[in-house]
1. Using 7 Å Cα-to-Cβ label points, what is the ALA145/ASP81 separation (nm, one decimal)?
2. If packing is taken as the mean number of other Cβ atoms within 10 Å per residue, what is the order of 64-70, 91-97, 36-42, 152-158, highest first?
3. Taking R0 as 22 Å, what's the FRET efficiency between LYS28 and ASP63 from their Cβ-Cβ distance, rounded to 0.05?
4. Subtracting the Cα-Cα distance from 0.36 nm times the residue separation, let me have the gained length for HIS94 to LEU156 in nm, one decimal.
5. Once Lys and Arg get +1 and Asp and Glu get -1 on their Cβ, which of PRO68, LEU58, ASN20 lies farthest toward the positive end of the dipole of the range 20-145?
Amino acid sequence: MASKVAVKRLNKEYRLMRQNPPPYIVAKPLESNILEWHYVLRGPQETPYEGGEYHGRLKFPQDYPYKPPAIQMITPNGRFDVNTNICTTMSNFHPNLWNPAWSVSTILTGLLSFMVEDEMTAGGIRTTEKTRQNLSRKSHAFNLANPTFKNVFPELCFPVPAPLPEFTPKKESSSDKNSDNNGDDEDNSNSRSRQHHRNNYKWQQQKINSNRTEQRGGC
């Protein structure tokens, strides 16, 4: 059973996360057990996880916040093994490094930043970038097959979109060549759009880095 201190602290953190959710992160406790939280990390742009939706859990000790939680990933992702405790400086692998001032938001922001790096740790796995990209495309369908995900995150249970048809480039015709100048304008517009997305992701990543305490592996 959770201590009164743990219940009060976790209720406060849930309220604060709803008021000011961190970028790319959704998290909430189970209605039946405030010591077990479930989270979803959104794959940031320009990473192998872009477009992915990664469901996991935090298991808090009864005497939280004086001891750290266990961190697990449930959705296959190519970075961490599933249903296995992940070693970070903010997990139960390192209680000697734990700071009671850290919060659920701090833990998950650090986990997301650690996820997009390649440092190995206990609970980590090595896969190719292509594997991680393929898993990101399958992540939502995987989550929809998980009853716990559907129960905790009904707002995220939208249908899986139909796959796009394969793209086959057509041969360039003379009329296409004549329209190159117009195409240049479109290319410039697309380039500006891509640059906007890159700048937005960099801004979000800077916000993540400025708000988090360094989280690393080391097991």
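1. 2.1
2. Output ranking for 64-70, 91-97, 36-42, 152-158: 36-42, 64-70, 91-97, 152-158.
3. Taking R0 as 22 Å, the efficiency between LYS28 and ASP63 is 0.55.
4. Working: separation 62, 0.36 × 62 = 22.32 nm, distance 3.26 nm.
Contour length minus Cα-Cα distance gives 19.1 nm.
5. Most positive-ward Cα: LEU58.
Computed from the coordinates by the stated procedures, all read-outs in this text should not be read as laboratory data. Not measured: the values here are computed from a predicted model. Note that we place each Cβ from the backbone using ideal geometry, even for glycine, and neighbour counts take in every protein chain shown.
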